[in-house]
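Below is one structure; the comments refer to it alone.
Quick note: the coordinates plus some simple rules give every number you see, no bench work behind them. Just so you know, these numbers come straight off a predicted model, no measurement behind them. Positions of Cβ are backbone-derived with ideal geometry, glycine not excepted, and every protein chain shown enters the neighbour counts.
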């Protein structure tokens with residue numbers, strides 16, 4: 001997708017490893033980190049949200065991509081928006097499949113981590129460094145994200 | 001642990017984010033990648049093993065650390081060994097907790113990805129590059145890993 005990458009085992013495996021016991025799908029995310037920092041793995045433990053979801057603001061990280069890998073495997077809500085002259089356009093919402101991760105590309109507007117119904121842990125691969133890496137945009141009027149009919 | 005890092009939300013959060021909705025445990029793994037390559041996120045889909053587990057060989061990756069993040073959250077078996085002059089010492093076995101990942105340090109002998117009882121998907125953060133990054137050591141006699149009593 002133009003906003004980032006879906007991280008899953010779709011398509012053909014890149015290679016079989018471990019004597020045929022394991023399919024490897026190599027390099028599923030475009031990692032992109034500014035100099036002066038480095039890639040790191042963190043854990044996020046997020047409280048749940050419910051649908052309809054009130055999306056009152058989005059954020060973006062100018063210094064790096066950010067991958068969310070669900071350690072519970074549960075689907076979660078992903079909201080993203082194109083940038084128009086420094087301001088997010090109308091956001092779009094996606095629901096992930098079970099055991100699927102996403103990688104938000106560097107600088108892409110997105111809603112905060114949004115597990116549904118249950119609190120959830122995620123491994124997160126993002127930029128670690130000392131510089132400020134967060135911009136927020138608060139909508140004048142919040143968007144509501146409804147379940148797909 | 002001396003072999004790598006446990007990746008989980010233990011201890012105090014590093015910081016609260018997202019208006020208090022999310023605990024962030026920052027930088028839980030020592031990523032270590034040789035030049036000439038880069039960090040990448042891949043997906044592994046591994047067939048299951050059963051206990052007692054027959055550990056006939058271990059491997060190591062001289063060019064980078066390798067993190068295993070279970071997308072099903074299920075515990076998995078981790079086997080590691082110290083190196084003694086290029087040969088693995090007696091291996092040790094660990095069972096992860098649910099929703100816990102591990103990061104095997106660069107160059108540490110370890111058994112291949114070992115989910116138990118059910119096939120499982122993992123996100124894997126390791127070194128991506130063109131050089132050979134695999135050494136294997138086959139034991140003269142396989143080790144057997146039994147369930148903990």
Review point. Just how far, in whole angstrom, is the stretch B:1-72 from the stretch A:36-89 if you go by their alpha carbon centroids?
Key: 20
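Just want to confirm a number: the relative contact order over the stretch A:1-49, from Cα pairs under 8 angstrom separated by 6+ residues, in percent.
29
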Practice item. Please build a GNM for chain B, connecting alpha carbons under 10 Å apart, and tell me which residue among B:33, B:139, B:76 fluctuates the most. Key: B:139
Exercise for review: Just need the relative contact order of chain B here, percent rounded to a whole number, with Cα pairs under 8 Å and 6+ apart.
Suggested key: 36
Point to revise | Number of partner chain Cβ atoms within 10 Å, mean per residue of B:45-51 | key: 3
Check your understanding: Scattering from the C-alpha atoms of the stretch B:108-149 alone, worked out with Debye: what is log10 I(q)/I(0) at q = 0.16, 0.29, 0.34 1/Å?
Key -> -0.72, -1.22, -1.28
Study note, to complete from the structure: Cα-Cα pairs in the stretch B:64-108 separated by more than 17 Å, as a whole percent of all pairs, come to 39
Exercise for review: Take the alpha-carbon positions of the stretch B:28-93, form their convex hull, and give its projected area averaged over all directions (one quarter of the hull surface) in nm².
Suggested key: 6.2
**Study point:** Spherically averaged projected area of the stretch A:1-135 from its Cα convex hull (nm²)
**Key:** 9.3
Review point. Across the stretch B:1-49, how large is the tail of the calculated P(r) beyond 12 Å, expressed as a percent of all Cα pairs?
Key: 77
Review point. Tell me, A:51, B:69 in order of fewest to most beta-carbon neighbours within 10 Å?
Key: A:51, B:69
**Study point:** Footprinting exposure proxy for A:56, B:65, A:85 (fewest neighbouring C-beta atoms within 10 Å first)
**Key:** A:85, A:56, B:65
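Just the projected area, averaged over all directions, of the convex hull on the alpha carbon atoms of the protein assembly as shown: how many nm²? Could the numbers behind the result be given before it?
Details: hull surface 68.0 nm².
Projected area, direction-averaged: 17.0 nm².
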Study note, to complete from the structure: Taking r as the C-beta separation of residue A:148 and residue A:14 and R0 as 35 Å, the FRET efficiency to the nearest 0.05 is 0.65
